[in-house]
2 protein chains.
Amino acid sequence: MNSDYPSILLEHAVDQFASLPGVGRRTALRLVLSLLRRPENEVEAFTGALSSLKRDIRYCRICHNLSDQEVCPICSSHRRDHHVVCVVENVQDVMSIERTGQFSGVYHVLGGVISPMEGVGPQDIEIDSLLGRISAEGIREVILALPTTMEGDTTNFYIYRRLMSLGIADESLRITQIARGVAVGNELEYTDEITLGRSIMNRIEFKG
Amino acid sequence: MNSDYPSILLEHAVDQFASLPGVGRRTALRLVLSLLRRPENEVEAFTGALSSLKRDIRYCRICHNLSDQEVCPICSSHRRDHHVVCVVENVQDVMSIERTGQFSGVYHVLGGVISPMEGVGPQDIEIDSLLGRISAEGIREVILALPTTMEGDTTNFYIYRRLMSLGIADESLRITQIARGVAVGNELEYTDEITLGRSIMNRIEFKG
């Protein structure tokens with residue numbers, strides 16, 4: 001045998017699974033063998049779901065979230081407040097915020113954050129479309145809900161400056177960012193210093 | 001939205017990945033989105049590798065290992081000792097033993113072990129074909145290399161008894177099992193009592 005694998009077909013399938021993020025070759029083999037034990041129609045259902053996702057998925061024309069239609073259910077909903085736009089990095093963030101049940105506005109999915117290290121510039125993500133949307137649609141509040149990382153902060157600041165320089169950000173537009181602080185249920189003792197420091201600086205009135 | 005997902009297509013693909021062993025919905029979403037970011041031909045390579053594996057894979061007629069041919073490379077090799085058969089549970093075990101470079105015989109892949117709890121009986125795994133092979137092929141040694149679990153022990157014992165009752169196991173056939181003991185590099189202090197106890201009982205001559 002040239003390789004560790006008894007079959008080239010098996011090796012190719014393992015190669016594919018092992019190319020996924022966080023999946024090692026041992027795990028990949030386990031997943032492939034588990035699929036191989038299933039009847040053929042179930043394996044077809046697996047590959048079919050992936051193929052039709054790739055072929056038929058669309059990005060919402062307005063917010064750029066993944067969608068089955070040209071405009072996603074959130075952007076086309078009459079129950080949502082279309083004057084409040086929450087700017088997020090990706091699809092998972094929309095899902096996370098939706099699960100909180102605390103937000104009734106709409107989203108704008110950037111599809112990334114500015115990262116000079118990884119060669120992602122402002123033109124690589126959906127910032128221009130965000131600015132266009134804010135100018136055109138009578139948005140009253142932009143909530144910046146990007147990751148609390150250097151890249152997220154850079155992107156927040158870039159968007160803020162662009163809004164300022166375009167003269168869009170006047171008294172009719174609030175620009176906010178999500179609160180950063182001690183996570184609910186966490187001990188202060190185990191909270192990192194930067195977070196704890198900021199949560200003291202940004203303290204709010206106690207409503208007893 | 002009826003579900004957490006912005007797209008039914010996305011949800012279906014996540015359902016499929018989350019049906020794999022040890023993959024939760026959050027991991028499944030991450031894997032699906034990572035595939036979605038790839039160009040279409042790469043997604044086709046992914047699904048194609050799985051489809052052709054399922055369609056074209058064969059089980060070696062002799063040892064029942066996965067193979068691209070009717071007889072696997074090990075069973076058809078002239079460099080292997082076809083008088084020594086190592087009985088293993090599954091494909092991964094063949095790969096693990098091959099990687100040691102310590103075995104030059106051939107294999108017999110049972111495809112499972114006897115497990116009354118999971119409804120796996122002797123007729124569900126490749127035991128009859130093993131016995132047939134041993135009767136017909138002039139095997140001189142059968143190495144039982146099944147997991148050191150209750151199910152593995154049960155299967156070892158079942159095979160042994162069948163060999164006895166068929167009158168196959170005479171002085172011309174050795175039946176051995178892999179050594180169980182303290183793993184190489186392990187401290188005795190951290191070795192479980194059963195393993196340590198057995199490794200004392202089954203001590204061998206020191207060849208200094």
Starting from residues that are of a type in the set (Gly, Ala, Ser) and on the phi < 0 side of the Ramachandran plot, keep the ones in segment A:182-208 and report whichever is modelled with the lowest pLDDT. A:GLY208
Among the residues of segment A:92-120, which ones are more than 14 Å from the chain's Cα centre (by Cα) and loosely packed, with under 13 Cβ neighbours inside 10 Å? A:THR100, A:GLY101, A:GLN102, A:SER104, A:PRO116, A:MET117, A:GLU118, A:GLY119
Would you mind finding the one in B:ARG133, B:ARG99 that is within 14 Å of chain A (Cβ to nearest Cβ) and over 20 Å from A:ARG37 (Cβ atoms)? B:ARG99
Which of the residues that make up segment A:130-173 are of a type outside the set (Val, Ile, Thr), over 24 Å from A:MET95 (Cα atoms) and touching a residue at least 12 places away in the same chain (Cβ under 8 Å)? A:SER135, A:GLY138, A:TYR158, A:TYR160, A:ARG162, A:LEU163, A:LEU166, A:SER172, A:LEU173
What number of residues in segment B:108-129 are part of a loop (DSSP other than H, G, I, E, B) and in contact (Cβ under 8 Å) with a residue 40 or more places away in the chain? 5
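The values are calculated or read from the model by the stated rules, or taken from the named source; none is laboratory data. Source: prediction; values computed, not measured. Cβ: placed from backbone, ideal geometry, glycine included. Neighbour counts: every protein chain shown.
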